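S.K.: Can you keep this structure in mind? I'll have questions shortly.
The values are calculated or read from the model by the stated rules, or taken from the named source; none is laboratory data. Note that this is a predicted model, so its numbers are computed, not measured. We place every Cβ from the backbone using ideal geometry, glycine too, and count neighbours over all the protein chains shown.
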Amino acid sequence: MNTENQQPKLTFIHYLTIGSLLFGMFFGAGNLIFPLHLGQLAGSNWFPAAIGFLLSGTLLPLLSIIAISITKSEGIYDVARPIGHHYALIFLILVHATLGPMFATPRTATVPFELGFAPYVSADHKWIWLLIYSAIFFTLTYFLSRSESHILDVIGKLLNPLFLILLFIIFLFAFLRPMGDAGQAAINTDYVHAALTNGFLEGYNTMDALAGLAFGVTIVTSIKLMGVRNPKSIAAATTKAGMICISFEALIYLGLIVIGAMSLANFKLSENGGIAFGQIANHYMGAVGSAILATLATVTCLTTAMGLVTAFAQDFHKQFPRISYLAFLRLTCLISFIIANVGLTQIINWSLPILMLLYPLAITVIFLSILSPLFKKSPIVYRFTTLFTVIPALFDATNALPPISNQAAPIQALIHFASSYLPLFNLGFAWIPFALIGFTLGIAAYLLYSRVPSLSLNAELKAKQK
């Protein structure tokens, strides 16, 4: 008898619990501050900007989860494996370094500190308080993430409800007593004619499409702990839970974007969304608002940090099994603590060029994974598409370097060349036409190989050798 059929049927409560796990890991530091800042930048053009942000901030993460399901993968390495072992390993390391100890995970500590604590300490002693706060933050993250089997219970059943209650309080004040009319708010120059595309690029900062690929192993593990073993059932459960997660996210994003636009009636355009959120909370609730905001940010960022360090430790332990899960967990928490003390501004400035490189590669591998049944997961389609994507993505990354770096003569020469000869470069999407060309060539090569038996056999032998 087939034991795969003897498994529990998941109920809506199960899907809600898994969706809550995803939501808790997705919604963190950037998810709070970037939508607010987008609202301030877009002003009365907030709606097209919101559409762009939702496409990259919610749709792409959902598609990344679906890609994990369709390919029956358990993480970043499996999804990128058709391109080649070495590429998949490099891609895994780059994504996890970005989501982990280099950028996203340190940001989970610096954002709540900047929102709720930095305004109340002197500039001279700020670094000491950040050191103390980040040490406590990552110590908690480590101990709460030690047991893989308890992640679902800790995140989904305990911390998420508290986060939602605190966020609801902020929303209640903002919409019952709006500071101004979002439809009359001033528009930043970049958002007058390109609100949709700039909103899409702003969604990169959440890093959720990358996180969706990284969290796949955690989600699959959690579903298996519920007794589900059949791959098709796991894929279906992942997709349904993902829909619940991104629906909640989309509503919160819209609310934050509108609040950001309305805040322009009282405040000038802020340097970042963290400052904006602090101003809004103080406007409505004074010191109490700051305390709530600090708690809110700490709770949501703690859940995200747990998801990030867990995914990092699980994936690296899988690739390097001689090193234990707990050793990798300690490593990522320690490095994240060190980087966090560089400060939020520097973390954001240096993460953008990396995201401009990684996001096009992630988007293409997500769509290739979803479409893979059409071309039998042929490596040649993956490789052509990736090769044609990475070159313009490197130019986009160069253009996004901080001012201290991109003003050098060689960098300016590269930017001038790309601006003159690469379509859509000035919008930040030079990679799209090249990716389409690569995909088309890859499909043509796949069809040629599949129709000529000798070529097809030769290609398979080369793929196995790699």
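Residues checked against (1) in contact with a His (Cβ under 6 Å, 6 or more places away or on another chain); (2) of a type outside the set (A, V, I, L, M); (3) in contact (Cβ under 8 Å) with a residue 40 or more places away in the chain:
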residue	(1), (2), (3)
Val365	no, no, yes
Ile380	no, no, yes
Arg383	no, yes, yes
Asp396	no, yes, yes
Pro410	no, yes, no
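S.K.: Examine the stretch 114-122 for a residue that is more than 21 Å from Ile136 (Cα to Cα) and not small (Gly, Ala, Ser), and state whether such a residue exists. I'd like the intermediate steps shown before the answer.
M.R.: Looking only at the stretch 114-122, we keep the residues that are more than 21 Å from Ile136 (Cα to Cα), and these are none.
No, the stretch 114-122 contains no residue that is more than 21 Å from Ile136 (Cα to Cα) and not small (Gly, Ala, Ser).
S.K.: Answer yes if at least one residue in the stretch 50-70 is more than 21 Å from the chain's Cα centre (by Cα) and in contact (Cβ under 8 Å) with a residue 40 or more places away in the chain, and no otherwise. Give the steps one after another, and end with the answer.
M.R.: As a first pass, look at the stretch 50-70 and keep what is more than 21 Å from the chain's Cα centre (by Cα): none.
Checked the stretch 50-70: no residue is more than 21 Å from the chain's Cα centre (by Cα) and in contact (Cβ under 8 Å) with a residue 40 or more places away in the chain.
S.K.: Would you mind listing the helices (runs of 4 or more DSSP H) fully within the stretch 208-281 where at least 3 residues are among the small types (Gly, Ala, Ser)? Quick ask: steps written out before the conclusion?
M.R.: Working: elements: 208-214, 216-225, 231-262.
Here the list reads 208-214, 231-262.
S.K.: Modelled with pLDDT of 85 or more and surrounded by 21 or more Cβ atoms within 10 Å (Cβ to Cβ): does that describe Ser324? Working first, answer last.
M.R.: Numbers: modelled with pLDDT of 85 or more: yes; surrounded by 21 or more Cβ atoms within 10 Å (Cβ to Cβ): no.
No: the conditions fail for Ser324.
To keep it simple, each residue is scored yes or no on (1) of a type in the set (A, V, I, L, M); (2) more than 12 Å from Gln40 (Cα to Cα); (3) surrounded by fewer than 20 Cβ atoms within 10 Å (Cβ to Cβ).
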position	(1), (2), (3)
Val192	yes, yes, yes
Glu202	no, yes, no
Ala214	yes, yes, no
Met226	yes, yes, yes
Arg229	no, yes, yes
Lys232	no, yes, yes
Gly242	no, yes, no
Cys245	no, yes, no
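S.K.: Give me the pairs, please: first residue somewhere in the stretch 162-190 and modelled with pLDDT of 95 or more, second residue anywhere and not in a helix (DSSP H, G or I), beta-carbon distance under 6 Å, and either six or more positions apart or on two chains.
M.R.: Taking only residues 6 or more apart or on different chains, not a single pair turns up.
S.K.: Check Phe47 against each of (1) surrounded by 24 or more Cβ atoms within 10 Å (Cβ to Cβ); (2) within 25 Å of Asn272 (Cα to Cα) and name the one condition it does not meet.
M.R.: Looking at each condition in turn, Phe47 falls short on (1).
S.K.: Mind listing whichever residues of the stretch 192-207 are hydrophobic (A, V, I, L, M, F, W, C) and assigned to a helix (DSSP H, G or I)? Steps first, answer last, please.
M.R.: At the first step, the residues of the stretch 192-207 found to be hydrophobic (A, V, I, L, M, F, W, C) are 192, 194-196, 200-201, 207.
Selection gives Ala195, Leu196, Phe200, Leu201.
S.K.: Here's another thing I want to ask about it. Since Glu271 meets every condition but one in (1) surrounded by fewer than 21 Cβ atoms within 10 Å (Cβ to Cβ); (2) at pLDDT below 80; (3) closer than 21 Å to Leu62 by Cβ, which condition does it not meet?
M.R.: (3)
S.K.: Moving on to the next point. Of Ile347, Ile370, Ile338, which residue is farther than 24 Å from Phe417 by Cβ and at pLDDT 95 or above? First the steps, then the outcome.
M.R.: Numbers: Ile347 fails: at pLDDT 95 or above; Ile370 fails: at pLDDT 95 or above.
That would be Ile338, the only listed residue that is farther than 24 Å from Phe417 by Cβ and at pLDDT 95 or above.
S.K.: When you check Phe12 against the structure, is it in the same structural domain as Lys268 (by TED's automatic domain parsing) and modelled with pLDDT of 95 or more, yes or no? I'd like the intermediate steps shown before the answer.
M.R.: Details: in the same structural domain as Lys268 (by TED's automatic domain parsing): yes; modelled with pLDDT of 95 or more: no.
So Phe12 fails the test.
S.K.: Kindly list the number of the only condition in (1) in a helix (DSSP H, G or I); (2) crowded, with 19+ Cβ neighbours inside 10 Å that fails for Leu10.
M.R.: Here Leu10 clears every test but (1).
S.K.: Given the criterion part of a loop (DSSP other than H, G, I, E, B) and either at pLDDT 95 or above or over 25 Å from Ile366 (Cα atoms) (or both), identify the matching residue among Leu441, Leu401. Break it down stepwise before answering.
M.R.: Working: Leu441 fails: part of a loop (DSSP other than H, G, I, E, B).
Exactly one of Leu441, Leu401 is part of a loop (DSSP other than H, G, I, E, B) and either at pLDDT 95 or above or over 25 Å from Ile366 (Cα atoms) (or both), namely Leu401.
S.K.: Name the residues in the stretch 312-365 that are at negative phi and not in a helix (DSSP H, G or I), would you?
M.R.: Going residue by residue through the stretch 312-365, those that are at negative phi are 312-342, 344-365.
Phe320, Pro321, Arg322, Ile323, Ser324, Asn341, Val342, listed by residue number.
S.K.: Scanning for something touching a Phe, Trp or Tyr at 6+ places or on another chain (Cβ under 9 Å), surrounded by 21 or more Cβ atoms within 10 Å (Cβ to Cβ), hydrophobic (A, V, I, L, M, F, W, C) and at pLDDT 85 or above, does the stretch 281-293 turn up at least one residue?
M.R.: No - not one qualifying residue is present in the stretch 281-293.
S.K.: So which residues in the stretch 71-82 are in contact with a Ser or Thr (Cβ under 6 Å, 6 or more places away or on another chain) and surrounded by fewer than 24 Cβ atoms within 10 Å (Cβ to Cβ), if there are any at all?
M.R.: Residues of the stretch 71-82 that are in contact with a Ser or Thr (Cβ under 6 Å, 6 or more places away or on another chain), as a first pass: 71, 79.
Residue satisfying the conditions is Thr71 alone.
S.K.: Same structure, new question: Quick one: what pairs do we get from the stretch 263-283, first residue assigned by TED's automatic domain parsing to the domain that holds Gln40 and β-branched (Val, Ile, Thr), second in a helix (DSSP H, G or I) and surrounded by 17 or more Cβ atoms within 10 Å (Cβ to Cβ), C-beta under 6 Å, 6+ apart or different chains?
M.R.: Taking only residues 6 or more apart or on different chains, the pairs are Ile280/Ser263.
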